[in-house]
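Here's the structure, in structure tokens; my notes come after.
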Amino acid sequence: MQNNQKIIAIFGAGGFIGKHLMRELTKLDFRVKVATRNPYLKGYLKPLGNPGQIELFKTNIFNIEDIKHVLKNCDYVINLVGILYETKKQKFNYIHSQFPHILSNLCEEFGIKNLVHISALGVKEKHVSLYMQSKLQGEKNIQNNFKPSIILRPSVVFGPEDKFFNTFASLAQFSPFLPLIGGGKTKFAPIYVGDVAKAIVKALELNNSEPKIYELGGPENYSFKELMEILLTEIKKKRLLISIPFGVAKFQSYFLQMMPNPLLTSDQVELLKHNNIISGNYSTLKDLGIAGTPIKSILSKYIYRFRTGGQFG
Ligand SMILES: NC(=O)c1ccc[n+]([C@@H]2O[C@H](COP(=O)([O-])OP(=O)(O)OC[C@H]3O[C@@H](n4cnc5c(N)ncnc54)[C@H](OP(=O)(O)O)[C@@H]3O)[C@@H](O)[C@H]2O)c1
């Protein structure tokens with residue numbers, strides 16, 4: 001993609017997907033304005049570009065002046081802001097629905113060429129999960145306010161520092177068993193973080209005049225149980241896989257979700273009741289010209305640290 005030093009504003013760039021995306025963008029010579037709550041803590045992003053290529057802006061995403069300051073002179077905007085669970089201050093509705101509403105209105109006002117927004121696979125009407133309801137409302141707000149937008153819905157994303165495999169591998173370090181909620185039958189289409197980053201870059205150049213949705217999944221679908229088996233093989237550990245009925249998991253989640261970094265919330269139990277795979281009703285990774293990287297070619301490269309002997313174990 002020829003960009004002639006186009007300027008991109010990214011919200012949520014300091015997270016898992018953002019870090020991988022940053023290198024893709026700086027390689028292509030984009031200038032990047034990173035909107036973050038704490039620039040001091042996101043200093044690690046700067047060496048991912050040439051001197052001066054990445055600028056960090058202290059931003060409260062609910063302060064219009066802060067957002068306007070970031071959007072000034074930008075060509076493109078990417079929204080990666082998201083949360084997995086609610087806290088006293090962080091609510092799904094604010095983060096996933098209200099912020100996209102504010103951002104897309106301002107994109108219109110500032111004549112932004114394209115807004116790429118990361119939603120989630122499985123978004124649908126009348127989902128019981130508040131996470132999904134808020135993601136759906138966020139998509140609708142963007143579609144109403146800003147036509148040249150692209151919505152990407154990834155399934156679970158894997159890669160170095162992912163929350164999925166790393167969390168369960170950490171659990172396997174001390175727990176004699178891993179839980180299979182609802183029997184571990186829920187299906188996923190895990191997608192490599194590098195492919196999500198590539199999809200975002202491709203989406204920037206689509207030049208669409210109407211909102212477009214892409215569902216992003218990897219080349220293979222796996223049940224949750226199969227994913228735990230793959231993980232245990234990679235980290236060379238034998239652990240019991242214990243089936244936990246949804247009702248029991250829901251009860252346990254009421255206690256677990258009181259912890260600061262909860263392993264399970266009752267909203268996540270609702271998410272696990274639905275398969276998280278490509279529906280066939282939307283464009284996909286293939287339509288963006290990306291083949292999709294299999295889990296087995298990547299997982300061992302970063303999960304080896306959980307083996308007893310590490311890399312040489
Ligand atoms: N990872 C997955 O498996 C997956 C799957 C489906 C969809 N998604 C979606 O993809 C997006 C990026 O995911 P990720 O895995 O990269 O998430 P992440 O690592 O948790 O990063 C999310 C980012 O959101 C920002 N953020 C959170 N609360 C905020 C707040 N109150 N104000 C401002 N910024 C806030 C943070 O930015 P700062 O700390 O810099 O302010 C953080 O960098 C999210 O929308 C997520 O829902 C992810």
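The values are calculated or read from the model by the stated rules, or taken from the named source; none is laboratory data. The shown structure was predicted, so the numbers you read here are calculated from the model rather than taken from an experiment. Cβ atoms come from the backbone with ideal geometry, glycine included; neighbour counts cover every protein chain shown. Side chains included, ligands, DNA and RNA excluded: accessible areas come from the protein's heavy atoms. Shrake-Rupley method; radii C 1.70, N 1.55, O 1.52, S 1.80 Å.
Filtered by the rule that a residue be among the aliphatic types (A, V, I, L, M) and under 15 Å from residue 282 (Cα atoms), region 137-162 gives 150, 151, 152. Residues in region 104-120 that are within 28 Å of residue 218 (Cβ to Cβ) and within 16 Å of the ligand (Cβ to nearest atom): 115, 116, 117, 118, 119, 120. Any chance region 93-114 includes a residue that's of a type in the set (A, V, I, L, M), open to solvent by less than 70 Å² (accessible area, probe 1.4 Å) and farther than 20 Å from residue 146 by Cβ? Scanning region 93-114, I find no residue that is of a type in the set (A, V, I, L, M), open to solvent by less than 70 Å² (accessible area, probe 1.4 Å) and farther than 20 Å from residue 146 by Cβ, so the answer is no. If only residues of region 8-41 that are surrounded by fewer than 20 Cβ atoms within 10 Å (Cβ to Cβ) and farther than 18 Å from residue 199 by Cα are counted, the one that is nearest to the ligand (Cβ to nearest atom) is 37. For region 212-245, a residue qualifies if it is of a type in the set (Gly, Ala, Ser) and under 23 Å from residue 120 (Cα atoms), and the qualifying residues are 217, 218, 223.
Are any of the residues in region 234-256 among the hydroxyl-bearing types (Ser, Thr, Tyr), in a strand (DSSP E or B) and surrounded by 12 or more Cβ atoms within 10 Å (Cβ to Cβ)? Yes, some residue in region 234-256 is among the hydroxyl-bearing types (Ser, Thr, Tyr), in a strand (DSSP E or B) and surrounded by 12 or more Cβ atoms within 10 Å (Cβ to Cβ). Inspection of region 57-74 finds no residue satisfying the criterion of being aliphatic (A, V, I, L, M), at pLDDT 95 or above, open to solvent by less than 10 Å² (accessible area, probe 1.4 Å) and within 10 Å of the ligand (Cβ to nearest atom). Residue-level check: of (1) outside any helix (DSSP H, G or I); (2) surrounded by fewer than 21 Cβ atoms within 10 Å (Cβ to Cβ), residue 77 misses just (2). Can you tell me which residue within region 121-141, out of those that are in contact (Cβ under 8 Å) with a residue 60 or more places away in the chain and out of contact with any Gly (no Cβ under 8 Å at 6 or more places or on another chain), is farthest from the ligand (Cβ to nearest atom)? Result: 128.
Yes/no per residue for (1) acidic (Asp, Glu); (2) under 19 Å from residue 21 (Cβ atoms); (3) in contact with a helix residue (DSSP H, G or I) (Cβ under 8 Å, 6 or more places away or on another chain):
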{"site": "137", "(1), (2), (3)": "no, no, yes"}
{"site": "142", "(1), (2), (3)": "no, yes, yes"}
{"site": "149", "(1), (2), (3)": "no, yes, yes"}
{"site": "169", "(1), (2), (3)": "no, no, yes"}
{"site": "200", "(1), (2), (3)": "no, yes, yes"}
{"site": "208", "(1), (2), (3)": "no, no, no"}
{"site": "236", "(1), (2), (3)": "no, no, no"}
{"site": "248", "(1), (2), (3)": "no, no, no"}
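Taken as a whole, the structure places residue 265 among residues that are out of contact with any strand residue (DSSP E or B) (no Cβ under 9 Å at 6 or more places or on another chain) and open to solvent by less than 50 Å² (accessible area, probe 1.4 Å).
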